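J.: Got a structure for you, questions after.
The values are calculated or read from the model by the stated rules, or taken from the named source; none is laboratory data. Computed from a predicted structure; not experimentally measured. Glycine also receives a Cβ, built like all others from the backbone with ideal geometry; neighbour counts cover every protein chain displayed. Note: areas computed on protein heavy atoms with side chains; ligands, DNA, RNA excluded. Shrake-Rupley method; radii C 1.70, N 1.55, O 1.52, S 1.80 Å.
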Amino acid sequence: MTEQTDVATDLADSTNDASLERTRRRSDEIEARIEKDPSGFRVLTGDRPTGNLHLGHYFGSLMNRVRLQRAGVETWVLVADYQVITDRDGVGPIRERVLSLVADYLAVGIDPDASTIFTHSAVPALNQLMLPFLSVVTDAELRRNPTVKSELEATGDRPMSGLMLTYPVHQSADILFCKANLVPVGKDQLPHLEQARVIARRFDERYGRAGDGSQPVFPRPEALLSDAASVLGTDGQKMSKSRGNTIELGMDADATAKALKRAVTDADRHITYDPVNRPEVSNLVLLTALASERDPHEVAEEIGDGGAATLKKAAIEAVNEMLAPVRARRAELTADPGYLLQVLRAGNDRANAVADATLGEVREAMQMVY
Ligand code: TRP
């Protein structure tokens, strides 16, 4: 098998049913091992600093990160600032956004003493891994990458930047530079993780090892598949800043109430939890349930014939109550940008130490130590 067909199979495989089932089972095993002993795991996750985090992020990934961190798993959180310029003409108000993202992280409970929060742009050795990594992938396989493909479709007729084409490789460097062995993902991001696994393996095959040669330079990271319920925006579509349908963590209680009052519902007064047939109403039920740690069916039953107005009132109360402490912390944090910078600098220092050590091994494996 040539490398090219090999990766085509790898990437396609990561999302077929049988493979998904395997990944799911494997994730359950890993969760059980974490419960017994979290010490062998290092998690890497990250976000692009393109806007404020919202409830989609909160229920979809932030809660899970905090859970893993509290379970004692070493957690690395990347503010992916170089990824912002994959599909934009400029950096935008990047500094503000980076600091705002750090404030969001700390406000939801990411603990800067337990987790390493860092940015791409401050870690040169991470970025240098792009060069050897790019040498083991082909442009054809990058063009087939499902995320690159859909990003390309989403950007319409605009030409694709070289950084967009190669961003799965950069993202592999994000994961591999710190030898993370666990990446929490939704199933749509499995191809990314597969790319990192392929690069780790090919680097080993092509360039060999450092030290006594007993271990590959890069361990192959595994997916921790999240079964988090995904919440929709107030219009019943995917929650996303560009659609203007988000509830941001940093919004105040009034703005949250306003946004939820405007949420789309349907003509049936009787409230049920039926995500397939009643996505908009069910989403409000789900938001209420998640925010108050209840079962959505129970929430729906309780509201019963109360109609959309009662449902919205319940959603507003539950969300505002859950977010009140997060918002209070967030307000304190944003009032102290010096502290946020201090957290980021400490994280960047830690990330640089690890990235430099890894790059040292890469140079050794590649016989480029002069
Ligand atoms: N692509 C992710 C996003 O858009 C951010 C990200 C960058 C990331 N590098 C990563 C996520 C590495 C997980 C692992 O949110």
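J.: Among the candidates Val354, Val343, single out the residue that is assigned by TED's automatic domain parsing to the domain that holds Trp76, surrounded by 15 or more Cβ atoms within 10 Å (Cβ to Cβ) and over 30 Å from Asp204 (Cβ atoms). Working first, answer last.
T.: On the way: Val354 fails: over 30 Å from Asp204 (Cβ atoms).
So the residue among Val354, Val343 that is assigned by TED's automatic domain parsing to the domain that holds Trp76, surrounded by 15 or more Cβ atoms within 10 Å (Cβ to Cβ) and over 30 Å from Asp204 (Cβ atoms) is Val343.
J.: Within segment 270-290, can one find any residue that is in a helix (DSSP H, G or I) and among the aromatic types (Phe, Trp, Tyr)?
T.: If we filter segment 270-290 for residues that are in a helix (DSSP H, G or I), which is where we start, we get 279-290.
Checking which are among the aromatic types (Phe, Trp, Tyr) leaves us with none.
The answer is no, given that none of the residues of segment 270-290 is in a helix (DSSP H, G or I) and among the aromatic types (Phe, Trp, Tyr).
J.: Tally time: how many residues in segment 314-340 are β-branched (Val, Ile, Thr) and open to solvent by 50 Å² or more (accessible area, probe 1.4 Å)?
T.: The initial filter retains those residues of segment 314-340 that are β-branched (Val, Ile, Thr), namely 316, 319, 326, 334.
Next cut, open to solvent by 50 Å² or more (accessible area, probe 1.4 Å) only: 334.
Matching residues across segment 314-340 total 1.
J.: Also, quick follow-up: When you look at Val136, is it of a type in the set (Val, Ile, Thr) and more than 19 Å from the chain's Cα centre (by Cα), yes or no? Talk me through it step by step, then tell me what you get.
T.: Working: of a type in the set (Val, Ile, Thr): yes; more than 19 Å from the chain's Cα centre (by Cα): yes.
Yes; evaluated as a whole, the condition is true for this residue.
J.: I'm checking my understanding of the structure. Among residues of segment 311-353 that are of a type in the set (Gly, Ala, Ser) and within 22 Å of the chain's Cα centre (by Cα), which one is farthest from Trp76 (Cα to Cα)?
T.: The residue in question is Ala346.
J.: Keeping to segment 194-209, report how many residues are part of a helix (DSSP H, G or I), away from the ligand (no atom under 15 Å from the Cβ), in contact with a helix residue (DSSP H, G or I) (Cβ under 7 Å, 6 or more places away or on another chain) and open to solvent by 10 Å² or more (accessible area, probe 1.4 Å).
T.: Within segment 194-209, residues that are part of a helix (DSSP H, G or I), away from the ligand (no atom under 15 Å from the Cβ), in contact with a helix residue (DSSP H, G or I) (Cβ under 7 Å, 6 or more places away or on another chain) and open to solvent by 10 Å² or more (accessible area, probe 1.4 Å) number 1.
J.: Could you list, in sequence order, all residues of segment 22-41 that are within 16 Å of the ligand (Cβ to nearest atom) and within 16 Å of Arg67 (Cβ to Cβ)? Steps first, answer last, please.
T.: First pass over segment 22-41, keeping only residues within 16 Å of the ligand (Cβ to nearest atom): 23, 27, 41.
Of everything in segment 22-41, those that are within 16 Å of the ligand (Cβ to nearest atom) and within 16 Å of Arg67 (Cβ to Cβ) turn out to be Ser27, Phe41.
J.: Could you list all residues from segment 52-69 that are in contact with an Asp or Glu (Cβ under 6 Å, 6 or more places away or on another chain) and of a type in the set (A, V, I, L, M)?
T.: We begin by selecting, within segment 52-69, every residue in contact with an Asp or Glu (Cβ under 6 Å, 6 or more places away or on another chain); these are 52-54.
If the condition is that a residue be in contact with an Asp or Glu (Cβ under 6 Å, 6 or more places away or on another chain) and of a type in the set (A, V, I, L, M), then Leu53 is the only one that fits.
J.: I'm trying to understand the selection: among the residues of segment 236-269, which are without any contact (Cβ under 8 Å) to a residue 40 or more places away in the chain, touching a helix residue (DSSP H, G or I) at 6+ places or on another chain (Cβ under 8 Å) and not in a loop (DSSP other than H, G, I, E, B)?
T.: Within segment 236-269, no residue meets the criteria.
J.: Moving on. For segment 48-75, which positions are assigned to a strand (DSSP E or B), open to solvent by less than 60 Å² (accessible area, probe 1.4 Å) and either in the same structural domain as Arg330 (by TED's automatic domain parsing) or under 18 Å from Glu31 (Cα atoms) (or both)?
T.: Applying the first criterion (assigned to a strand (DSSP E or B)) to segment 48-75 yields 54, 74-75.
Narrowing further to those that are open to solvent by less than 60 Å² (accessible area, probe 1.4 Å): 54, 75.
Within segment 48-75, Thr75 is the sole residue that qualifies.
J.: Among the residues of segment 216-227, is there at least one that is part of a helix (DSSP H, G or I), open to solvent by 10 Å² or more (accessible area, probe 1.4 Å) and within 14 Å of the ligand (Cβ to nearest atom)? Working first, answer last.
T.: Filtering segment 216-227 down to residues part of a helix (DSSP H, G or I) leaves none.
No, every residue in segment 216-227 fails to be part of a helix (DSSP H, G or I), open to solvent by 10 Å² or more (accessible area, probe 1.4 Å) and within 14 Å of the ligand (Cβ to nearest atom).
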